[in-house]
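Okay, structure first, notes after.
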Amino acid sequence: MLTKFETKSNRVKGLTFHPKRPWILASLHSGVIQLWDYRMGTLIDRFDEHEGPVRGVHFHNSQPLFVSGVIIYLKKRDATRIGSRSLYSTETESLSSPQPSICVLRLSHRRFSGNATDLHREALIDRFFSPIRGESPYFSLANMLTKFETKSNRVKGLTFHPKRPWILASLHSGVIQLWDYRMGTLIDRFDEHEGPVRGVHFHNSQPLFVSGGDDYKIKVWNHKTHRCLFTLLGHLDYIRTVQFHHENPWIVSASDDQTIRIWNWQSRTCISVLTGHNHYVMCASFHPKEDLVVSASLDQTVRVWDIGSLKKKTVSPADDLMRFTQMNSDLFGGVDAIVKYVLEGHDRGVNWASFHPTLPLIVSGADDRQVKLWRMNGNSIPEVSLSLSLSDVVQDAKRGTGGSAVFIARNRFAVLEKSTSQVLVKNLKNEVVKKSSLPIPTDAIFYAGTGNLLCRSEDKVVIFDLQQRLVLGELQTPFVRYVVWSNDMESVALLSKHTIIIATKKLVLQCTLHETIRVKSGAWDDNGVFIYTTLNHIKYCLPNGDSGIIRTLDVPIYITKVSGNTIFCLDRDGKNRAITINATEYIFKLALLRKRYDHVMGMIKNSQLCGQAMIAYLQQKGFPEVALHFVEDERVRFNLALESGNISVAVASATEINEKEQWYRLGVEALRQGNAGIVEFAYQQTKNFERLSFLYLITGKLDKLSKLMKIAEVKNNVMGQFHNALYLGDVKERVKILENAGHLPLAYITASVHGLKDVAERLATELGENVPSLPEGKTPSLLMPPFPVMCGGDWPLLRVMKGIFEGGLESAARGGAVDEEEEEDAGGDWGDALDMVDVDGMENRDIDAILEEAERGEDENDEEGGWEELEGLDLPPELDTPKASANARSSVFVTPTQGMPVSHIWSQKSSLAAEQAAAGSFDTAMRLLNRQLGIKNFAPLKSMFIDLFSGSQSYLRAFSSSPVVSLAIERGWSESSSPNVRGPPSLVYDFSQQEEKLKSGYKATTSGKLTEALRLFLSILHTIPLVVVESRSEVDEVKELVTIVKEYVLGLKMELKRRETKDDPVRQQELAAYFTHCNLQLPHLRLALFSAMGVCYKSKNLATAYTFAKRLLETNPMESQAKTARQIVQAAERNMTDTTELNYDFRNPFVICGSTYVPIYRGQKDVSCPYCTARFVPSQQGNICGVCDLAVIGADASGLVCSPSQVR
């Protein structure tokens, strides 16, 4: 380092060398521009027309001008005119236009006293050097020459044209303006960038300029043709500066993605990536003569890069294209450029660095209020050889400590102070603007939108509004490691070690995912789907909690961004990777979830979606009709058709399969839908004559019933023949059947009762003396079948709307609604894909056909000729199986979908284990308890689950012949409640019951009934996971009750253990001593101290007994207890010794292990029960808690959820 200048301004924002003179211009955060002679170490002049930070200065390479931010100075002593244009004098009016401006000023000998123009705080000025002709060495007065105004709120970058009197200005609005500063006119504008443009630069010889902006794009323009020639893509964050090389067809760019890239603008490729900085790279520029690049970064370093090897390889476009694939094989550490120097000396981020145009010097300026001058000398850069002070007063940087910090606005950030649980809001000067206390003990803060913080504690997170000091949301979670917000800030993903929680911006829980393998990273895609990685998979999570695997990984990756079908990520070697994924599956599921059925239809037509997993998902989500379009297997199609009620497809599939089971199931579904024709056809295929008989009876088809009776006669089916005769009311046939079967007494009784005297007399003769007697005093009546309400055809049902994929979607795909005639004529794309059978007016096989088949079968099997031919029956010919028609589904009647049971509604709406158990969803309740409290032993809860389910249901008996009717009992029901809104289930356990149990437990403890007291306290611990309260205050009371009961259970178990241990006096004393350290009510603490005092005194441990006696006296006990304690104190004071050594040190704070009953002193490692919070030695991890007997020690759990207010 050659020279060091210090300034009272808190930051140096810009620097530039004079191309020939030993001058440096320094622009400061205070608004002052200083001109220094770095050889003499003297301040030449200062310019203070700005009213705020001046972020950049630059000498013109050929004209006697320099520019500062948006103000340009003319470096001539006596100039009063440029060309023929008049100039402003020092007495000119103040320029206070609210619009940003670009100004050219002239210089004279007098001190400047004019007013300042508008400040442009974030103007980022492009700087470059070239020698110019000598000018007068000193100047001090600047008068404005020209002012340009623009509607953009900020000017971000400026550059002079090397030959013409032009200025190129890049604006915050994304527009680039070309001005003539002599004429003061706007020549042209270029507006293809999407966002602020931070850097621009003219080419030395070509009619080109380059620009880089916040849209991550570098654009090369031709200002003659007024258009953008091409765009260079590669940077992943804001681009700060761009510059053409003076000789080669190269562009260097610096970006907030911490890289510097060198591009060949002829081949339009990136030829090198310079990595090494670990913070934003604020600038990068080529050396005017040598093969060097200098860069400055907020990581407090300036780096000089040697690009000589890059130049030696090639600069031709063809060669560049050939080497593009092998360029920078290791992205983080290219081989074409190496770091030659790393200049470390600044204490804050470096904003700018520049080469001297002719001398081996580098100047740098940083936020530490220092300008440093470095000399390049071979392979080393020496330290300071000359130190100059810019000011007598130098302020130290304000520094502070904090647990974590996060920006909450553009110029405000929050710092967490863990010790006080406060957050300090600071400005960019590190000055405290505001203090605010946080609502919970917080160990980390995260960004949650402008002015909001997401505060993390061990078991929950809250969103805190710093302005209103309000808690906007709260959520119980495992320990959160990372927070990932969606692009629209409407959703947030909270990542813990093995859990992903998706919530809204108000921390309303949407879903929770548990992974057995550690979650590595995650990001939201443009559709609102969360993409995350584990050790070996890339997975997705939909807003409703559905998840799946996108692809398998060979090595872990860390996602940085998801864009379309591309995942940008880092691997473990720090290499940047782009992975292409197939997003069709989760986009399809998302469209189903959001009911975007037009998208679903398009994806079905154009995508290769298949697989059993997709079919199972569609069935699970209630879209079996969609799943029909993914399968060709007839058995699967048949099952899906039945599930979706598509009877036409079911008939087609059953015909192809032609098995008895499928025909039977088809008949059941057709009967449910009321389609008698399909029912008859299915029964005919299976030759289920009994069901056919009953079907003909209830539909009034008596002629077919008669033919069935003949079939039974042909087949010698006596019971079938008799049943058909009974259904028909044909008494003569019944008598005939009984007589032929040899049941003459029954035939006689039937004929006598029904008045067939001739037949009865004949049968009586045959019976002789065995004629049965008929009951006297009874009046017989003819048993006739009932008259059917509907004779033939389908019975009336409600017409059901077409499915979402069976009509409405087709018209939407065609671009709008269609009238009814067109819809009936059009088969649609769906009809072609499904082999449907027309079920309307379907003609079934006639019974005669079955009868003839039966006769032929008998003929073939009977050598004697069998029965005689049936003639004169006038039977119609056999008909074929019904055919399909195009409008098969247009007029089908199907039954409406059965309503959802109340228990299912409860199960879907609730996230509380008690309500899931009351709904009968025991598996869901157990999963919730395992996830929330780590419970694994559910045996103590079995009876409570059954009680909850039984208590939420009542049963009403309607008729003696009908089953009982189940009625749901809702909690908080009233007559004014809406009949369409289901309330939560009524629960048999409530918090008040537990409070009563607590009082009973206290009473039993006081009376010495320790076993009964332990039973009561354990009952409370087992019941609390199944208790529901309403308010947040009650939730706190429940948690407090768990802590109270845990102490009593632990203490009583130790006391009962002590009473069982009669042969080990040392262990007895230890257990008695530990009992006194449980958090008990004062009366019970006195009893524990009195007991421990007595046990130790009997064992001659007088010193230990003395400590218990003193503690007992401090509690103001009863007189009898106090008297005994005083006596022990007196005895111990005479001989303060212990005969045996105990594992007990009352001076060292400790907790008791709930399983081994040994002390765990402060500083020792321990594990805890996720439910009752009892502490254990590490060796007990993974065992069932010895206190609550429910949870697994050391298990990960989100915490007790016992109120709807916790999950809203």
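The values are calculated or read from the model by the stated rules, or taken from the named source; none is laboratory data. Nothing here was measured: the structure is a model prediction, and the numbers come from that model. Cβ sites come from the backbone with ideal geometry, for glycine too, and all protein chains shown count toward neighbours. Quick note on the areas: whole protein, heavy atoms, side chains included, nothing else; ligands and nucleic acids left out. Shrake-Rupley method; radii C 1.70, N 1.55, O 1.52, S 1.80 Å.
A few comments on the model shown:
- Model label zone, Thr1140; criterion: amide N under 19 Å from point 7 Å along Cα-to-beta-carbon; scope region 1030-1065: 1054-1065
- Taking amide hydrogens as placed 1.01 Å from N in the peptide plane, the amide H of Arg198 sits under 5 Å from those of Gly212, Gly213, Asp214, each at least 5 positions away in sequence or on another chain.
- Charged neighbours of Lys312, selected by a Cβ distance under 10 Å, balance to 0 (K, R count +1; D, E count -1).
- Of the cross-linked pairs Lys497/Lys1165; Lys997/Lys1057; Lys1009/Lys1046; Lys1057/Lys1165; Lys435/Lys1039, those separated by over 27 Å at the C-alpha level are Lys435/Lys1039.
- Residue ranking by accessible heavy-atom surface, 1.4 Å probe, largest first, among Met1136, Met282, Met719 comes out as Met719, Met1136, Met282.
- Taking amide H as placed 1.01 Å from N in the peptide plane, Leu274 has its amide H under 5 Å from the amide H of Ile260, Arg261, Ile262, each at least 5 places away in sequence or on another chain.
- Gain upon complete extension [Asp1063, Val1207; 0.36 nm per residue less C-alpha separation]: 46.6 nm
- For Lys426, the solvent-accessible surface computed with a 1.4 Å probe is close to 20 Å², ligands and nucleic acids excluded.
- For region 264-272, 3J(HN,Hα) computed residue by residue from phi via the Karplus equation (6.51, -1.76, 1.60; θ = phi - 60°) reads 9, 6, 7, 8, 6, 10, 7, 9, 6 Hz, glycine and proline entered as x.
- Between Lys1100 and Arg410, the distance separating the two model label sites (each 7 Å from Cα on the Cα→Cβ line) works out to 8.4 nm.
- Solvent accessible area, Å² - Phe202, 1.4 Å probe, full protein context: 0
- Computed E for Val636/Ser781 - FRET, C-beta separation, R0 45 angstrom, nearest 0.05: 0.25
- Annotation: peptides 166-175, 233-242, ranked by per-residue average of other Cβ atoms within 10 Å with the highest first, follow the order 166-175, 233-242.
- The heavy atoms of Ser563 present about 50 square angstrom of accessible area, all protein chains included, probe 1.4 Å.
- Simple spin-label estimate for Leu967 and Ala939 gives 3.9 nm between the two label positions (7 Å along the Cα-to-Cβ direction from each Cα).
- Once the C-beta distance of Leu774 and Asn716 is scaled by a Förster radius of 35 Å, the resulting FRET efficiency is 0.70 to the nearest 0.05.
- Cβ-derived FRET efficiency at R0 45 Å, Val339 paired with Asn544, nearest 0.05: 0.35
- Taking amide hydrogens as placed 1.01 Å from N in the peptide plane, the amide H of Lys340 sits under 5 Å from those of Val304, Trp305, Asp306, each at least 5 positions away in sequence or on another chain.
- Across region 753-759, computed HN-Hα scalar couplings (Karplus, 6.51 cos²θ - 1.76 cosθ + 1.60, θ = phi - 60°) run 5, 8, x, 8, 5, 4, 5 Hz from first to last residue, x flagging Gly and Pro.
- Relative to one another, the C-alpha centroids of region 203-278 and region 984-1043 are positioned 70 Å apart.
- Peptides 1046-1059, 541-554 ordered by average Cβ neighbours within 10 Å, highest first: 1046-1059, 541-554
- Packing-based ranking, highest mean first, of 936-943, 495-502 given that Cβ atoms within 10 Å are counted: 495-502, 936-943
- Sites matching chymotrypsin sites (Phe, Trp or Tyr not before Pro) across region 692-739 that sit in DSSP coil, with at most 12 neighbouring C-beta atoms within 10 Å: none
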